[in-house]
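The values are calculated or read from the model by the stated rules, or taken from the named source; none is laboratory data. Treat the numbers as computed from the prediction; the structure is a model and nothing was measured. When we count neighbours, we look across all protein chains shown, and the Cβ atoms used for this are built from the backbone with ideal geometry, even at glycine. Quick note on the areas: whole protein, heavy atoms, side chains included, nothing else; ligands and nucleic acids left out. Shrake-Rupley method; radii C 1.70, N 1.55, O 1.52, S 1.80 Å.
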Amino acid sequence: MKQLIKRELHALWHDPWQLALVSYIPLVGIFGLWWLFSAGLPRQLPVAIVDQDQSQISRMLVRQLTASSVITPIHYQDINSAKASMEKAETYAMVVLPFQLNRDLLTGHQPSIDIRYNSQYLLVGKLLSSQIQLSLADGLKSKALIKQLAAGVPMAQAEVNLNLVKTQISALYNANSNYVVFLLPPVLIALGQLLAMLVFANSLNRELRLNTLQEWFALGTRRVLWAKILVYTPLIVLQGRLILTLLYQYLGLPLAGEFGQLLLAQIVMLLAVWLLVLTIFFLLQDSARVVSFCTALFAPAFPFMGITFPTQDMPQLAQWWRLLMPSSHYIDTHVGVVSYGQSFATFTQQVVSYWAYLLLIPVIVFLARRVKRMTNSITVQPSGSEAS
Amino acid sequence: MSFWSLMMADLKSIVTDKAIAITLFGGVLFYSVLYPLPYLNEVPTKQQIVVIDGDHTSLSRQLIRHADASPKLDVVGQLTTIDQAQQWVASGKAHGFMVIPENFRRDLIRQKGVTLAYGGDANYFLIYSAVVEGLMSVGIDAGKYVQFNGLLARGSSAKQVKHDLDPIKLNSVPAFNPSLGYTPYVVPGVLLLVLHQTLLIGAGILGAGQWGRAGYWQQASPLELILARVTVFALIYSFFTCFYVGFCNYWYGVSVQAELAQVLLFLVPFILCTAVAGVAFSCLFTRRDLPTQVLLLISMPILFVSGFIWPLELIPSPLVWLGQIVPAVSTIQGMLQLNQMGASWPSVVHFWWQLWGLALVYFMLAFIGVRYRLKAQ
């Protein structure tokens with residue numbers, strides 16, 4: 001076995017791309033994606049303001065908007081230029097303070113403030129919509145308070161009248177709705193899964209490329225396979241550990257559970273990835289096609305994790321496809337450990353959800369035997385040729 | 001070898017090479033179904049919540065009924081403590097909860113302030129926002145209901161009361177994607193990215209399999225080979241692009257605002273630029289399994305740098321600059337503005353020129369690369 005592991009390490013050492021995949025590419029990828037989202041909280045997003053009233057109250061409302069950390073008001077003289085700026089994505093929302101806003105308020109009419117937000121950029125748009133409404137409502141409340149006081153309501157009562165029902169909202173497990181906490185873990189897990197898939201597929205493909213399939217079978221199909229698993233699983237788990245270190249130790253994101261469970265869960269996920277890659281490898285027996293097929297399968301793993309769009313709201317077909325992805329099984333454990341601090345019993349239940357991958361084992365055995373027969377029968381000719 | 005036969009030879013090797021054909025024809029079709037698949041229900045509805053009712057009065061029960069009636073919420077149980085509610089959330093049985101305090105109705109009627117507490121699982125932002133939005137509107141309505149009745153009882157007219165409760169109307173309306181659906185949000189950008197990636201992969205595998213081997217490509221000059229290859233890929237991708245931008249956008253209910261001629265005009269440099277970039281990119285490889293791997297790893301970053309998921313203002317500027325060399329980035333930005341947000345041609349024309357500029361740069365790179373690869377044999 002020692003020799004077989006040496007054989008794998010030797011192969012790894014002599015394949016620059018493979019070496020890159022287990023060394024600097026994950027580093028660059030993890031760091032780059034973190035850098036991309038490092039702002040964490042959306043701040044100072046440009047919002048177009050069209051102040052047609054130019055009154056004291058409209059200016060007060062604009063000051064309210066300026067005070068919000070999310071909004072940077074940009075003044076436009078007319079609606080058309082504000083609209084054009086929204087179409088060019090220079091601003092993500094637009095607030096129109098109508099002509100005679102102040103007068104209508106004083107004379108007991110009901111003016112209406114128009115807010116348009118860019119829902120093509122859904123995340124930004126929804127956030128701005130709620131923040132603009134909050135800011136404006138808050139500004140208007142101070143006006144209403146004065147009105148109540150003028151009508152002779154005592155201060156304490158007037159404040160209560162305005163906020164009869166107060167609300168206290170808790171964002172559980174991500175107290176300040178930080179996008180680094182929300183988006184970065186699943187993105188990095190998706191990246192990790194892609195890297196794992198590529199590394200293993202390359203390791204298998206190398207046998208095809210260098211025409212060593214026969215050597216593999218001669219050394220013992222299973223033993224070589226175990227050697228590959230023993231070499232690459234720790235290497236990939238190391239990347240996983242790096243991701244966890246960055247997220248929960250360096251960045252200090254909240255972590256309710258323990259690393260141990262997560263690392264175990266990563267190993268289980270990797271074994272599932274290996275099984276999928278093995279099936280495809282023995283089925284297709286052509287390095288470019290194996291990679292293409294694996295890519296097609298694993299590339300869309302991120303949307304199917306159910307973090308950005310909830311699983312239960314996906315169509316049934318999407319939910320089935322989701323179960324095909326090892327990362328969607330893993331993410332359940334990840335959220336469970338990180339947020340809920342789940343027990344080991346829950347973890348065992350989650351591991352059981354991988355059971356369907358075991359069905360791949362007989363398929364792999366069958367396919368591998370077929371490949372072995374074919375390789376042995378055409379001993380002279382190169383197997384798994386690169387030809388189209 | 002004539003230009004025409006060179007093109008035919010390229011076309012033949014694309015169609016007969018299983019790895020390329022699967023990526024191009026299979027990939028384009030497969031992804032047009034798979035990427036939008038999770039989002040087909042557009043908006044999350046009926047999120048399970050639990051209620052902790054400390055009041056047990058007619059008003060609190062009405063509040064719960066209203067919460068249950070909200071399209072965003074589904075009340076699945078009533079519990080007694082917040083700890084229990086957290087357990088439900090942790091086990092996935094519920095995604096949020098509402099706490100109705102003791103003496104809720106009594107305090108409201110006596111004009112004392114009350115506090116409703118909401119919690120939502122912020123591991124899933126879409127669920128969280130659905131839960132909070134749903135509960136907020138229910139809570140505000142309950143407060144208004146009590147105020148309305150109180151003011152009516154004190155002798156104000158119904159019209160006056162309504163006005164007093166809402167002195168200003170905040171009319172907040174989504175623009176460009178009126179349903180707030182997830183498919184119109186994700187699909188137009190992602191489909192363009194799929195076109196870009198599959199084209200680069202296809203051209204990459206084709207080139208990587210040919211350099212250093214003997215074949216028809218050696219009988220052509222680098223310039224001829226590049227032009228023929230770009231023409232072939234551009235022709236194939238014209239069909240794919242029509243299918244994606246024409247049919248898929250329509251099929252998935254994406255709002256489409258631009259004129260046909262403008263969309264066509266905008267996509268011409270996209271296809272050409274990506275095809276040239278593909279040929280240039282292929283010169284980096286001699287192993288057929290590598291182009292796919294490289295593109296796979298950079299596809300998520302490209303998607304995020306395009307700026308429709310995470311706003312460009314928040315992305316560090318070096319990353320944004322780096323993104324400018326990728327044809328897909330300016331195409332996605334330009335197409336979203338032109339076609340989805342209805343921007344005028346002059347306001348997106350700089351993306352168009354950028355694509356032509358990139359095409360020129362990649363053409364020079366392709367020329368250098370192909371000449372090197374053909375000479376090296």
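Return the long-range amide H neighbours of A:Thr308 (sequence gap of 5 or more, or a different chain), with a cut-off of under 5 Å between placed amide H atoms.
none
Take the Cβ-Cβ distance between B:Leu165 and B:Asp74 as r, set R0 to 41 Å, and report the resulting FRET efficiency rounded to the nearest 0.05. Intermediate results must be reported in sequence, preceding the final value.
Values: r = 28 Å, r/R0 = 0.69.
That gives a FRET efficiency of 0.90.
How many Å² of accessible surface get buried when B and A come together, counting both sides, probe radius 1.4 Å, rounded to the nearest 100? If you can, show how the numbers build up before the last one.
Values: alone 19990 and 21420 Å², together 31930 Å².
Counting both chains, the buried surface is close to 9500 Å².
Name all residues of the range A:145-187 having a backbone nitrogen under 19 Å from the label point set 7 Å from the Cα of A:Arg43 along its Cα→Cβ direction, giving them as ranges.
It comes to A:175-184, nothing else.
How big, in percent, is the set of alpha carbon pairs in the range B:47-165 lying more than 22 Å apart? Write out the running numbers ahead of the final one.
On the way: 2535 of 7021 pairs.
Summing the P(r) tail past 22 Å for the range B:47-165 gives 36 percent.
Please say if the range B:298-373 is rounded, prolate or oblate, where rounded means a/c under 1.5 for a ≥ b ≥ c the square roots of the C-alpha gyration tensor eigenvalues, and otherwise the choice is prolate for a/b larger than b/c and oblate otherwise? Each step should come with its number before you reach the end.
Values: a/c = 2.61, a/b = 1.46, b/c = 1.78.
Note, shape of the range B:298-373 comes out oblate.
Expressed in nm², what is the orientationally averaged projection area of the convex hull enclosing the Cα positions of the protein assembly as shown?
Working: hull surface 140.7 nm².
Averaged projected hull area, Cα only: 35.2 nm².
What does the C-alpha gyration tensor say about the overall shape of the range A:268-325? Classify as rounded when a/c is under 1.5, otherwise prolate if a/b is larger than b/c, or oblate. Mind dumping the intermediate values first?
Working: a/c = 2.64, a/b = 2.14, b/c = 1.24.
It is prolate, given that a/c is not under 1.5 and a/b is the larger ratio.
Determine the percent antiparallel among the DSSP beta bridges restricted to the range A:1-114, to the nearest 5.
Working: 1 of 12 bridges.
Percentage antiparallel, nearest 5: 10.
Within straight cross-link reach of B:Lys144, meaning Cα distance under 20 Å, which aspartates and glutamates are found once same-chain residues fewer than 8 apart are removed?
Here the aspartates and glutamates satisfying the reach criterion relative to B:Lys144 are A:Asp138, A:Glu159, B:Asp53, B:Asp55, B:Asp68, B:Glu102, B:Asp107, B:Glu133, B:Asp164, B:Asp166.
Roughly what % antiparallel, to the nearest 5, for the DSSP beta bridges in the range A:45-162?
On the way: 4 of 15 bridges.
If I count the DSSP bridges inside the range A:45-162, around 25 percent turn out antiparallel.
From other protein chains only, count the Cβ atoms within 10 Å of every residue's Cβ in B:247-260, then give the mean. Can you show the working numbers first?
Numbers: counts 0, 0, 0, 0, 0, 0, 0, 1, 2, 0, 1, 0, 0, 0.
Per-residue shielding by partner chains comes out at 0.
Counting only DSSP beta bridges with both residues in the protein assembly as shown, tell me the antiparallel percent, nearest 5.
Working: 8 of 45 bridges.
Percentage antiparallel, nearest 5: 20.
Determine the sum of side-chain charges near B:Val370: Lys and Arg each +1, Asp and Glu each -1, restricted to other residues whose C-beta is under 11 angstrom from that of B:Val370.
On the way: positive: B:Arg229, B:Arg371, B:Arg373, B:Lys375; negative: B:Glu224.
Local net charge: +3.
Within chain B, which whole H helices from DSSP have a Cα span along their axis of at least 24 Å and a mean Kyte-Doolittle hydropathy of -1.0 or more, if any? Each step should come with its number before you reach the end.
Details: long enough: B:125-153 (41 Å, 1.04); B:182-210 (42 Å, 1.26); B:222-241 (27 Å, 1.57); B:260-282 (32 Å, 2.23); B:345-375 (44 Å, 0.81).
Those that pass (Cα extent of 24 Å or more, hydropathy at least -1.0) are B:125-153, B:182-210, B:222-241, B:260-282, B:345-375.
With a ≥ b ≥ c taken as the square roots of the eigenvalues of the C-alpha gyration tensor of the range A:260-388, please select rounded if a/c is under 1.5 and otherwise prolate if a/b is larger than b/c or oblate if it is not? Could the numbers behind the result be given before it?
Working: a/c = 2.91, a/b = 2.02, b/c = 1.44.
Taking the square roots of the gyration eigenvalues as a ≥ b ≥ c, the range A:260-388 is prolate.
B:Leu265 versus A:Leu246, label points 7 Å from Cα toward the beta carbon: distance in nm?
My value for the distance between the label points is 4.3 nm.
How big is the Rg/Rh ratio for the range A:45-162, C-alpha atoms only, Rh by Kirkwood, two decimals? Present the calculation step by step, with values, prior to reporting the outcome.
Details: Rg = 15.4 Å, Rh = 15.0 Å.
Using Cα coordinates only, the ratio equals 1.02.
For the range B:113-221, run through the trypsin sites (Lys or Arg not before Pro) and keep only the ones in DSSP coil with at most 13 other Cβ atoms within 10 Å of their Cβ.
Qualifying residues, ordered by number: B:Arg154, B:Arg213.
Any chance you could get the radius of gyration and Dmax over the Cα atoms of chain A, in Å?
In order Rg, Dmax, the Cα atoms of chain A give 29.2, 102 Å.
Just want the answer: with Cβ charges of +1 for Lys and Arg and -1 for Asp and Glu, which residue in B:Thr115, B:Gln48, B:Val161 is farthest toward the dipole's positive end in the range B:47-165?
B:Val161
Positive end of the charge dipole of the range A:4-90 (Lys, Arg +1 and Asp, Glu -1 on Cβ, about the Cα centre): tell me which of A:Val70, A:Gln52, A:Leu21 has its Cα farthest that way.
Result: A:Leu21.
Determine the calculated [θ] at 222 nm for chain A from helices alone, applying -39500 (n - 2.57) to every DSSP H run no shorter than 4 residues and normalising by the residue count; nearest 500 deg cm²/dmol. Mind showing how you got there, number by number?
Working: 18 runs with 247 residues, N = 388.
Roughly -20500 deg cm²/dmol at 222 nm, from the helical runs in chain A.
Would you mind checking the range B:322-348 for residues with the amide N under 15 Å from a putative spin-label position 7 Å along Cα→C-beta of B:Val361?
Under 15 Å, as judged by backbone N against the label point of B:Val361, lie B:322-331 of the range B:322-348.
Just counting partner chain Cβ atoms within 10 Å, what average do the residues of peptide A:158-164 show around their Cβ?
Values: counts 0, 1, 5, 4, 1, 4, 13.
Across A:158-164, the average partner-chain Cβ count within 10 Å equals 4.
Find how much the distance from A:Ala345 to A:Leu19 grows on full extension, using 0.36 nm per residue of separation minus their present alpha carbon separation; answer in nm with one decimal. Can you show the working numbers first?
On the way: separation 326, 0.36 × 326 = 117.36 nm, distance 3.75 nm.
Full extension from A:Ala345 to A:Leu19 adds 113.6 nm.
Taking all protein chains together and a probe of 1.4 Å, list B:Ile309, B:Ile82 from the most accessible to the least accessible.
So, going from the largest accessible area down, we get B:Ile82, B:Ile309.
Just name one of A:Thr311, B:Ile309, A:Gln266: the one whose Cα is farthest towards the positive end of the charge dipole of the protein assembly as shown (beta-carbon charges, Lys/Arg +1, Asp/Glu -1).
Farthest towards the positive pole: A:Gln266.
Count the net charge of all other residues whose Cβ sits under 11 Å from the Cβ of B:Gly92, scoring Lys and Arg as +1 and Asp and Glu as -1. Don't skip to the answer; put the middle values down first.
Numbers: positive: B:Lys93; negative: A:Asp332, B:Asp121.
Around B:Gly92, the charge tally is -1.
Between A:Val199, A:Val96, A:Val291, find the one with the highest GNM mean-square fluctuation for chain A; connect C-alpha pairs within less than 10 Å.
A:Val96
Could you give each residue of the range A:314-325 its phi-based ³J(HN,Hα) in whole Hz, using Karplus coefficients 6.51, -1.76, 1.60 with θ = phi - 60°, and x for Gly or Pro?
Each residue's phi maps through the Karplus curve to give 7, x, 4, 4, 5, 5, 5, 4, 4, 5, 6, 8 Hz.
Per the Kirkwood definition applied to all pairs of different Cα atoms, how many angstroms is the hydrodynamic radius of chain B? Could the numbers behind the result be given before it?
Working: mean 1/r = 0.0406 Å⁻¹.
One over the average 1/r among Cα pairs gives 24.7 Å for chain B.
Of B:Asn41, B:Asn171, B:Asn249, which has the largest mean-square fluctuation in a 10 Å C-alpha GNM of chain B?
Of the options given, B:Asn171 has the highest mean-square fluctuation.
On average, how many beta carbons from a partner chain sit within 10 Å of the beta carbon of a residue in A:32-38? Spell out each step's value before the answer.
Working: counts 8, 4, 0, 4, 11, 5, 4.
The mean count of partner-chain Cβ atoms within 10 Å per residue comes to 5.
Report, in degrees rounded to the nearest 10, the 0 to 90 angle that the Cα long axis of helix A:221-244 makes with the longest principal axis of chain A.
That works out to roughly 20 degrees.
Can you give me the accessible area per residue for chain A, using a 1.4 Å probe, in Å²? All intermediate terms of the calculation are to be shown ahead of the outcome.
Values: 16730 Å² over 388 residues.
Accessible area per residue: 43 Å².
If you average the alpha carbon positions of the range A:191-239 and of the range B:321-377, how far apart do those two centres end up, in angstrom?
If you average the Cα positions of each part, the centres end up 38 Å apart.
Considering amide H positions built from the backbone, and no H for Pro or chain starts, which residues 5 or more places from A:Ser170, or on another chain, come under 5 Å of its amide H?
For A:Ser170, whose amide H was placed from the backbone, the distant partners under 5 Å are B:Tyr118, B:Gly119, B:Gly120.
What number comes out for the charge environment of B:Thr45, summing +1 per Lys or Arg and -1 per Asp or Glu over other residues with Cβ under 14 Å away? Before the final figure, lay out the partial values.
Numbers: positive: B:Lys46, B:Lys72; negative: A:Asp313, B:Glu42, B:Asp68, B:Asp74, B:Glu133.
Net local charge, B:Thr45 excluded: -3.
Amide H to amide H under 5 Å from B:Ile49: which residues, 5+ apart in sequence or cross-chain, H placed 1.01 Å off N in plane?
B:Asp74, B:Val75, B:Val76, B:His95
Of the accessible area of the protein assembly as shown, with the probe set at 1.4 angstrom, what percent is carbon plus sulfur? Walk me through the intermediate numbers first.
On the way: 20340 of 31930 Å².
With neighbouring chains kept in place, the figure for the protein assembly as shown is 64 percent.
Under a cut-off of 20 Å between alpha-carbon atoms, report the lysines in cross-link reach of A:Lys228, not counting same-chain residues fewer than 8 places apart.
Answer for A:Lys228, where 20 Å is the Cα cut-off: A:Lys2, A:Lys6, A:Lys372, listed by chain and number.
Hey, what do the phi angles of the range A:337-349 turn into as Karplus ³J(HN,Hα) couplings, whole Hz, using 6.51/-1.76/1.60 and θ = phi - 60°, x for Gly and Pro?
Calculated HN-Hα couplings, in order: 6, 5, 9, 8, x, 5, 7, 5, 4, 4, 4, 4, 4 Hz.
So what is the accessible area of the range B:110-191 per residue, in Å², with the probe set to 1.4 Å? Write down the numbers at each step before the final one.
Working: 3260 Å² over 82 residues.
Value for the range B:110-191: 40 Å² per residue.
Calculated from DSSP H runs of 4 or more alone, at -39500 (n - 2.57) each and per residue, what is the 222 nm mean residue ellipticity of chain B, nearest 500?
Working: 15 runs with 224 residues, N = 377.
Computed ellipticity for chain B at 222 nm equals -19500 deg cm²/dmol.
Apply the Karplus parameterisation 6.51 cos²θ - 1.76 cosθ + 1.60, with θ equal to phi minus 60°, to every residue of the range B:29-40 and state each ³J(HN,Hα) to the nearest whole Hz, in sequence, with x for glycine and proline.
Whole-Hz 3J(HN,Hα) from phi for the range B:29-40: 5, 4, 6, 5, 9, 6, 5, x, 3, x, 9, 4.
Distance check, please: which entries in A:Lys143/B:Lys169; A:Lys166/B:Lys159; A:Lys143/A:Lys166; A:Lys126/B:Lys162 exceed 21 angstrom between their Cα atoms? Display every interim value, and only then the final one.
Details: A:Lys143/B:Lys169 14 Å; A:Lys166/B:Lys159 25 Å; A:Lys143/A:Lys166 18 Å; A:Lys126/B:Lys162 27 Å.
In this structure, A:Lys166/B:Lys159; A:Lys126/B:Lys162 lie more than 21 Å apart at Cα.
With r as the distance between the Cβ atoms of B:Tyr145 and A:Ile74 and R0 = 35 Å, compute the FRET efficiency 1/(1 + (r/R0)^6) and round to 0.05.
Details: r = 39 Å, r/R0 = 1.11.
So, using R0 = 35 Å, E works out to roughly 0.35.
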